[in-house]
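Below: one structure, written as structure tokens.
The values are calculated or read from the model by the stated rules, or taken from the named source; none is laboratory data. Computed from a predicted structure; not experimentally measured. Here the Cβ is made from the backbone with ideal geometry for all residues, glycine too, and neighbour counts use every protein chain on show.
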Ligand code: APR
Ligand code: ZN
């Protein structure tokens, strides 16, 4: 076992001595048995170019140099995601700008959830200036449609989704800065990869109720961001 440490992420991996010559590194597409195809800046003293790293949890293998290059080309947020199976190492965080997340229960039922009340989440993010983690650092970003109101059934599963959304908010994963696919506007606050229902009693946009699969879909999307309730038991 070897720990490769670089720029804040600790990747737990196993050094492989013997590699089948037919296997390629899917980061650089070169043979694992040969040197990394990565031609960028060096990775310091941690690896010879031909070293292969095996990710500890999922077992996928890459040139060590390719793994480090992939990390350095990302947002260097202390996490690394296996490009093959998306297993997350470390804690993934995003670039959501500063703002507020609030929620309360309202005494009405959502279409498809007649037996419970409703949780309303209110997100508020003001416009601002992009930081180094954003597409155009130093440039302003706009923020349209805030406060944005979102709805969850106040059921056991709905409350679980809320707890995980609070974690996602803290990890800056609910919103991002980029180009809106709805309006085409660039340098603006946009939803990230976790879907929210923004309509209460109607479904005009497709982001409303009823939608029987919604809570399970959101749990999957949160999992893809490394957020599950299971991890709490381990930590
Ligand atoms: N409600 C919820 N999710 C939405 C909405 C909406 N009205 N519109 C788009 N999304 C989802 C999309 O399905 C996609 O997955 O957000 C993701 C990013 O889409 P963009 O259009 O890039 O996001 P954004 O510009 O933030 O959203 C557009 O959403 O809440 C409203 O006021 C907001 O009208 C704006 C719209
Ligand atoms: Zn490689």
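Quick notes on this one:
- Considering 186, 202, the condition of being within 21 Å of the chain's Cα centre (by Cα), within 16 Å of ligand 1 (Cβ to nearest atom) and assigned to a loop (DSSP other than H, G, I, E, B) is satisfied by 186 alone.
- Any hit, the range 42-50, residues being crowded, with 17+ Cβ neighbours inside 10 Å and either out of contact with any helix residue (DSSP H, G or I) (no Cβ under 8 Å at 6 or more places or on another chain) or part of a loop (DSSP other than H, G, I, E, B) (or both): yes
Yes or no, residue by residue, for (1) surrounded by fewer than 18 Cβ atoms within 10 Å (Cβ to Cβ); (2) in the same structural domain as residue 106 (by TED's automatic domain parsing); (3) more than 15 Å from ligand 1 (Cβ to nearest atom):
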residue: 132; (1), (2), (3): yes, yes, yes
residue: 138; (1), (2), (3): yes, yes, yes
residue: 174; (1), (2), (3): no, yes, no
residue: 226; (1), (2), (3): no, yes, yes
residue: 229; (1), (2), (3): yes, yes, yes
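- Residue within the range 109-119 that is within 21 Å of the chain's Cα centre (by Cα), in the same structural domain as residue 220 (by TED's automatic domain parsing) and either modelled with pLDDT under 95 or part of a loop (DSSP other than H, G, I, E, B) (or both) present: no
- Failed item in (1) in the same structural domain as residue 215 (by TED's automatic domain parsing); (2) touching a residue at least 40 places away in the same chain (Cβ under 8 Å), with residue 79 passing the rest: (1)
- With respect to the conditions (1) assigned to a helix (DSSP H, G or I); (2) at pLDDT 60 or above, residue 59 lacks only one, and its number is (1).
Residue by residue, here is whether (1) touching a strand residue (DSSP E or B) at 6+ places or on another chain (Cβ under 7 Å); (2) at pLDDT 95 or above; (3) within 20 Å of residue 124 (Cβ to Cβ); (4) away from ligand 2 (no atom under 16 Å from the Cβ) holds:
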| residue | (1), (2), (3), (4) |
| --- | --- |
| 146 | yes, yes, yes, yes |
| 168 | no, yes, yes, yes |
| 173 | no, yes, yes, yes |
| 193 | no, no, no, yes |
| 201 | no, no, no, yes |
